[in-house]
């Protein structure tokens, strides 16, 4: 029995994909959210240059993608965070914890040399639907 795979090209209130990928893919009851950076979906521009404003926008974008799939942060089972400066870990951790309101999915945080569009943080998620 094969799993039905659905690719969603756009989600209301979330940035459009910046390349040949889908912002979210559903495979059976698993929902894979592509990495989000701090792009404002209304302007298609990066919000600020600081870790605080970019992290908050990333989480708003992820929340919008989840909502577009009828899900919330409570449905997330795995998160991967990419940081261009690992010294921002604690700031991102605090903002992330507040956004997820006590929900604690499995998570990895990875330091990277660079991210698309000059971003300093990118977060991707995997969630489970119904």
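Check off (1) surrounded by fewer than 21 Cβ atoms within 10 Å (Cβ to Cβ); (2) modelled with pLDDT of 95 or more; (3) farther than 19 Å from residue 97 by Cα; (4) under 15 Å from the mean Cα position of the chain (by Cα) for residue 53 and give me the number that stays unchecked. Going through (1) surrounded by fewer than 21 Cβ atoms within 10 Å (Cβ to Cβ); (2) modelled with pLDDT of 95 or more; (3) farther than 19 Å from residue 97 by Cα; (4) under 15 Å from the mean Cα position of the chain (by Cα) one by one, residue 53 breaks only (3). Looking across 48, 38, one residue alone is in contact with a helix residue (DSSP H, G or I) (Cβ under 7 Å, 6 or more places away or on another chain), under 19 Å from residue 115 (Cα atoms) and touching a residue at least 40 places away in the same chain (Cβ under 8 Å). It is 38. Quick one: count up the residues across the range 85-104 that are out of contact with any helix residue (DSSP H, G or I) (no Cβ under 9 Å at 6 or more places or on another chain) and surrounded by 14 or more Cβ atoms within 10 Å (Cβ to Cβ). Qualifying residue count, the range 85-104: 2. Do we find that residue 71 is outside any helix (DSSP H, G or I) and within 18 Å of residue 31 (Cα to Cα) in this structure? Judged against the criteria, residue 71 is a match. Kindly list the number of the only condition in (1) in contact with a helix residue (DSSP H, G or I) (Cβ under 7 Å, 6 or more places away or on another chain); (2) in contact (Cβ under 8 Å) with a residue 24 or more places away in the chain that fails for residue 31. That leaves (1) as the condition not met. Screening residue 61 on (1) within 21 Å of residue 110 (Cα to Cα); (2) touching a residue at least 60 places away in the same chain (Cβ under 8 Å); (3) touching a strand residue (DSSP E or B) at 6+ places or on another chain (Cβ under 6 Å) shows it passes everything except condition (2). The residues of the range 75-124 that are closer than 19 Å to residue 18 by Cα and either free of Cβ contacts under 8 Å to residues at least 12 places away in the same chain or in a helix (DSSP H, G or I) (or both), listed by number, are 116, 117, 118.
The values are calculated or read from the model by the stated rules, or taken from the named source; none is laboratory data. Quick caveat, the model's predicted, so the values are computed rather than measured. Virtual Cβ from ideal backbone geometry, glycine too; neighbours counted across all protein chains shown.
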